[in-house]
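The structure under discussion appears below in the form of structure tokens.
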Amino acid sequence: MSNLSKVKGVGPKTELLLNKIGINTIDDLVTHYPYRYDVLRRTDLKMVKDADEKIVVDGKVESIPLVIRFRGGTNKLNFRLSTQSGMVGVSIFGRAFLKQNLPIGEKIIVIGKYDSSKNIINASDIKFGSLTNQDRIESVYHSTSGLSQKVLIGAINNALMTYGNSISDNIPHYLLDKYNFLNKKTALNIVHNPPSYEKLKEASLRLKYEELFEFMFKINYLRSANKMDNAGVERKTDKNLDEFIKTLPFELTNDQKHVLDEIIDDLSSSQRMNRLLQGDVGSGKTIVAILAMYYNYLCGYQSALMAPTEILAVQHYNNIKELLKDTPVVVELLTGAVTKKDKMPIYNDLKNGTINIIVGTHALIQEEVEYHNLGLVVTDEQHRFGVNQRSNLKNKGIKPDVLYMSATPIPRTYALTIYGDMDVSIIKEMPKGRLPVITKVFNNKEMKEVYKLMEEELSSNHQIYVIAPLIEENEELDLTNVYTLRDKMNLIFGNRYRIDIVHGKMKPKEKDLIMGEFKQNVVNILISTTVIEVGVDVSNATMMVIFDANRFGLSTLHQLRGRVGRSSLQSKCLLISDKDDEKRLKIMESTNDGFEISEEDFKLRGSGDLFGTKQSGDMTFKMANLRNDYKILLQAKVDSQDYLKNKDYDNDELKRRLISSIESD
């Protein structure tokens, strides 16, 4: 369902704001689930002892609200409220516009803090209605500046009321009956407007199951499709890869050798390779991929390496050129930044087979790109090669082997389920000479020591990443933190060092320019909301300082930490956090093993943060949580397999719709 403008209360301005937070269709709107629930429970004001205690009271407005205006545009609203605990005064700042909605006798709920000496509630929020003896559960949503919770909630409920019966239910009827699930419209209504904890739990379970059933249906369908359409490139060569490996300036680890053998076996088979190569940050996945591409070259075929960003593509291109400089392999770079004039000879050389390895971004699979005999596609950094992208190559008569690289360690048990349509290889062993990053947790009172350690690195001509707090609910505040940190760093280090910032709202060219300057050691301290280019190597960056580290999951902290320690230089990661969270962060001090950390993250936080700094679109669930709901996932896996195999449902409209959505993905 599309056309948000058809929803009552959604005008052009509101539609643009909804688009800004990823809501583009009515289906997106009704599945924009609350990220938390506030429980409103009536407070007995006579029992309040702490002036900082949050209170919730309901009652009737007993006086016409008085508006007091101050210089600078601020205002305060004062009125009396009759509650079960007696008459109290209410003050609330910045809500003068509420005056017309608060006539005498209006029933309202006030949230705030109670000053018993003055018998006044300093309100933080006012809601309309009244409380019962049963808790009132209120939905709270991620939003954006200009889009109030009231408008968002109104739009969601209006969409449910008008279009609720048209929403697709993606659970087969026999499974709805088997598990006694609520219908989709009822479940959505309850999740957005929970009448009780029990009903919320029942509705959430049903929606989680549907999400995981759809996901596992996709995985199982792709697995069966791969088996049916598995004719790949069968390679034969009398040339030995071992001779080239002996010329490398380093020795492969045992894990690298084992994984390379698995890949070579795949490439030598007549079946298409569909393999995920998992490895911790700095474990040497890229070297294995380059060796696979070199073997593919020895067998007479072209390779393509696709990276998610231009700067990462350039890095890969330079590394491959350096490693293969003494071989006849022709390596070329193709990104959106390459001019149309310069692209034409690249297109020609790809078509006639002059280019052996092409490195780039999505530009590699554009319609105008034709390959001579593409045999291997490598994709980097969680950038899963979608079904439609594979189809783009198939439509050109190409069925290459595919190798996916991921720097996000996932516990093997989960990986085998989540990536069930792939074979999984894992590199855990780190290359020789790589020093573990020393990690230390500091609290805010110990900042002098942090700045001293930073000065030591800078005076040694080393560089530093500084990570600003991650506050998803407020993008503007997020940016304020970046600029505030820059001002603080300038104050501490003066004009002795070049300090710059990168953030997600920058234009790609501007961001690439600053990242390039950091890589060239023109910028000494780089401040960011997250390290945007997670795969970029800056060997001279030897320190990372992460402010408000408690806001990040362990897996994300480990991913960020992996940006330092990219050379033989000793590197450090300093985690700044409030003291009450130090226990969780101490895990980071004790290990550099990403797989061990991901296991801990699964135990502590579930899957929400497992996939690092927002890299994986494939693993984004709106309702489900892979750790907490793993049993549901396993049941959905079994149920989706049965449904897919059951011939009685081959003409089922749902099955046809699910398959169609996968093939057009």
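The values are calculated or read from the model by the stated rules, or taken from the named source; none is laboratory data. A quick note: this is a predicted structure, and the numbers were derived from the prediction, not measured. Cβ coordinates were reconstructed from backbone atoms using ideal geometry, including for glycine residues, and neighbour counts include every protein chain displayed.
Can you say whether L334 is closer than 21 Å to L312 by Cβ, touching a His at 6+ places or on another chain (Cβ under 9 Å) and crowded, with 20+ Cβ neighbours inside 10 Å, as far as the supplied structure shows?
Judged against the criteria, L334 is not a match.
In region 232-277, which residues are among the charged types (D, E, K, R), touching a strand residue (DSSP E or B) at 6+ places or on another chain (Cβ under 6 Å) and outside any helix (DSSP H, G or I)?
R272, R275
Suppose we filter region 443-495 for residues that are at pLDDT below 80 and not small (G, A, S); how many remain?
13
Taking region 267-295 on its own, how many of its residues are among the hydrophobic types (A, V, I, L, M, F, W, C), in contact with a helix residue (DSSP H, G or I) (Cβ under 7 Å, 6 or more places away or on another chain) and over 21 Å from P328 (Cβ atoms)?
Going through region 267-295 one residue at a time, the tally reaches 4.
Being over 24 Å from K351 (Cα atoms) and among the hydroxyl-bearing types (S, T, Y) is the requirement here; does S269 meet it?
Taking the combined requirement at face value, the residue satisfies it.
Mind checking which residues of region 252-273 are at pLDDT 85 or above, surrounded by 13 or more Cβ atoms within 10 Å (Cβ to Cβ) and of a type in the set (D, E, K, R)?
D255, K257, E262, D266
Exactly one condition in (1) among the basic types (K, R); (2) touching a Gly at 6+ places or on another chain (Cβ under 7 Å); (3) within 30 Å of S139 (Cβ to Cβ) is false for K218; which is it?
Exception for K218: condition (2).
Tell me which residues, restricted to region 252-280, are in the same structural domain as V359 (by TED's automatic domain parsing), hydrophobic (A, V, I, L, M, F, W, C) and under 25 Å from Y414 (Cβ atoms).
V259, L260, I263
For region 149-178, which positions are touching a residue at least 12 places away in the same chain (Cβ under 8 Å), over 29 Å from the mean Cα position of the chain (by Cα) and under 15 Å from E211 (Cα atoms)?
P172, L175
Just a yes or no: is a residue in region 161-176 exposed (fewer than 14 other Cβ atoms within 10 Å of the Cβ), hydrophobic (A, V, I, L, M, F, W, C) and over 18 Å from I659 (Cα atoms)?
Checked against the condition, which is being exposed (fewer than 14 other Cβ atoms within 10 Å of the Cβ), hydrophobic (A, V, I, L, M, F, W, C) and over 18 Å from I659 (Cα atoms), region 161-176 yields at least one hit.
Only one of (1) at pLDDT below 90; (2) crowded, with 18+ Cβ neighbours inside 10 Å; (3) not in a loop (DSSP other than H, G, I, E, B) is not met by N189, so which one is it?
(1)
Which one of these does N395 not meet: (1) at negative phi; (2) surrounded by fewer than 22 Cβ atoms within 10 Å (Cβ to Cβ); (3) modelled with pLDDT of 85 or more?
Unmet condition: (3).
Scanning for something among the acidic types (D, E), farther than 25 Å from E251 by Cα and modelled with pLDDT under 90, does region 321-338 turn up at least one residue?
no
Within region 2-20, can one find any residue that is touching a residue at least 40 places away in the same chain (Cβ under 8 Å), surrounded by fewer than 17 Cβ atoms within 10 Å (Cβ to Cβ), part of a loop (DSSP other than H, G, I, E, B) and in contact with a Phe, Trp or Tyr (Cβ under 9 Å, 6 or more places away or on another chain)?
No, the conditions are met nowhere in region 2-20.
Of the residues T25, T43, T83, T31, which single one is crowded, with 17+ Cβ neighbours inside 10 Å and within 30 Å of M623 (Cβ to Cβ)?
The conditions single out T31.
How many residues does region 70-109 hold that are in a strand (DSSP E or B) and more than 24 Å from I137 (Cβ to Cβ)?
Qualifying residue count for the region: 13.
So in region 116-143, with the set limited to residues that are hydroxyl-bearing (S, T, Y) and part of a loop (DSSP other than H, G, I, E, B), which one is farthest from N193 (Cα to Cα)?
Taking the candidates together, the pick is S117.
Starting from residues that are over 22 Å from T286 (Cα atoms) and either touching an Asp or Glu at 6+ places or on another chain (Cβ under 7 Å) or modelled with pLDDT under 85 (or both), keep the ones in region 350-367 and report whichever is surrounded by the fewest Cβ atoms within 10 Å (Cβ to Cβ).
Per the criteria, the residue is E367.
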